[in-house]
Amino acid sequence: MTPPASPRAMLWDVGNVIVRWNPRTLYAKIFKEPADLDRFLSHVGTLDWHSETDRGLSFGENIALRAAQFPEHAEHLAAWWARWDEMFSGAIAETESLIEDLAAAGVAQYALTNMSSEAWPGVQAMSPAFRHLRDPVVSAVERTIKPERRIYEIALERTGLSPADLLFVDDSAANIEAARAMGFHVHHFVDPSALRPAIQAHGLL
């Protein structure tokens, strides 16, 4: 579905769009051998496993369940939450600048993130740009995650807008395609330098 009109508001993903997040940033400090690092992240501390916290399971519960399966990695798994902040490597300057410019231009901005409710307050503290994002939809609170249709519907209910009113920015191709199918304007975030031209092309700046 192609939106027929220009968007009038922004809907932002958070991880790797506003702030950089990668478990490898932490675990490269823990595993000195690259092969051990790759093995842990591909078989134990996987993104599929982590997604249960995005669905609302607490970090403590999720880590305990995984440690029961991989007791030899109990200490490594515990670091997933104990050292959570070390998975981040700062805000993305290009996005921060655009959020500020859009706010100055009076463009409404919202957030739609797959994230634990435990982690969300700390992530918001990582950039002053978050103060401009209204009515954030956090997956763990809603118990549904992107790219499931229901979480996009919640975002529409929360904003009171239609898909064609919103330009959705996300780094996941699957999330982008799900939004596109519902009629959102979309931008797949890959290169930070491409973001401003994309937003300008949609007439928001």
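Applying the set (1) open to solvent by less than 60 Å² (accessible area, probe 1.4 Å); (2) of a type in the set (A, V, I, L, M); (3) closer than 25 Å to ALA194 by Cα to LEU156 leaves exactly one unmet item: (3). When ALA198 is tested against (1) buried (at least 17 other Cβ atoms within 10 Å of the Cβ); (2) over 17 Å from the mean Cα position of the chain (by Cα); (3) without any contact (Cβ under 8 Å) to a residue 60 or more places away in the chain; (4) under 19 Å from SER139 (Cβ atoms), just one condition goes unmet, and that condition is (4).
Quick check: is even one residue across the range 124-136 more than 23 Å from TRP81 (Cβ to Cβ) and of a type in the set (A, V, I, L, M)? Yes, the conditions are met somewhere in the range 124-136.
Has the range 16-32 got at least one residue that is open to solvent by 40 Å² or more (accessible area, probe 1.4 Å) and in contact with an Asp or Glu (Cβ under 6 Å, 6 or more places away or on another chain)? Yes, the range 16-32 contains a residue that is open to solvent by 40 Å² or more (accessible area, probe 1.4 Å) and in contact with an Asp or Glu (Cβ under 6 Å, 6 or more places away or on another chain). Here PRO7 fulfils each of the conditions (1) assigned to a helix (DSSP H, G or I); (2) within 29 Å of ASP191 (Cβ to Cβ); (3) not β-branched (Val, Ile, Thr) apart from (1). A search for C-beta distances below 7 Å between a residue of the range 80-109 that is touching a residue at least 12 places away in the same chain (Cβ under 8 Å) and any residue that is among the hydroxyl-bearing types (Ser, Thr, Tyr), counting only pairs 6+ apart in sequence or on different chains, returns GLU86/THR25; MET87/THR25; SER89/THR25; ALA91/SER127; GLU94/SER193; GLU96/SER127. Being buried (at least 19 other Cβ atoms within 10 Å of the Cβ) and of a type outside the set (D, E, K, R) is a property that LEU112 has.
Please enumerate the residues belonging to the range 115-133 that are of a type in the set (A, V, I, L, M, F, W, C) and open to solvent by less than 10 Å² (accessible area, probe 1.4 Å). If the condition is that a residue be of a type in the set (A, V, I, L, M, F, W, C) and open to solvent by less than 10 Å² (accessible area, probe 1.4 Å), then ALA119, VAL123, ALA129 are the ones that fit.
Comparison of GLY45, GLY60 shows that the only residue that is among the small types (Gly, Ala, Ser), over 30 Å from ILE199 (Cβ atoms), modelled with pLDDT of 95 or more and not in a loop (DSSP other than H, G, I, E, B) is GLY60.
What about PRO136, is it open to solvent by less than 60 Å² (accessible area, probe 1.4 Å) and outside any loop (DSSP other than H, G, I, E, B)? Judged against the criteria, PRO136 is a match.
ALA5 fulfils the conditions (1) open to solvent by 60 Å² or more (accessible area, probe 1.4 Å); (2) modelled with pLDDT under 95 except for a single criterion, (1).
Tell me yes or no: at least one residue of the range 168-185 is hydrophobic (A, V, I, L, M, F, W, C), assigned to a loop (DSSP other than H, G, I, E, B), out of contact with any Pro (no Cβ under 6 Å at 6 or more places or on another chain) and crowded, with 18+ Cβ neighbours inside 10 Å. Checked against the condition, which is being hydrophobic (A, V, I, L, M, F, W, C), assigned to a loop (DSSP other than H, G, I, E, B), out of contact with any Pro (no Cβ under 6 Å at 6 or more places or on another chain) and crowded, with 18+ Cβ neighbours inside 10 Å, the range 168-185 yields no hits at all. Taken over the range 65-99, residues that are outside any loop (DSSP other than H, G, I, E, B) and open to solvent by 60 Å² or more (accessible area, probe 1.4 Å) amount to 12.
The values are calculated or read from the model by the stated rules, or taken from the named source; none is laboratory data. Note that the coordinates shown come from a computational prediction; the quantities given were computed from them, not determined experimentally. Every residue, glycine as well, gets a Cβ built from its backbone with ideal geometry; the counts of neighbours run over all protein chains shown. Please note that ligands, DNA and RNA were not included when accessible areas were found on the heavy atoms of the full protein model with its side chains. Shrake-Rupley method; radii C 1.70, N 1.55, O 1.52, S 1.80 Å.
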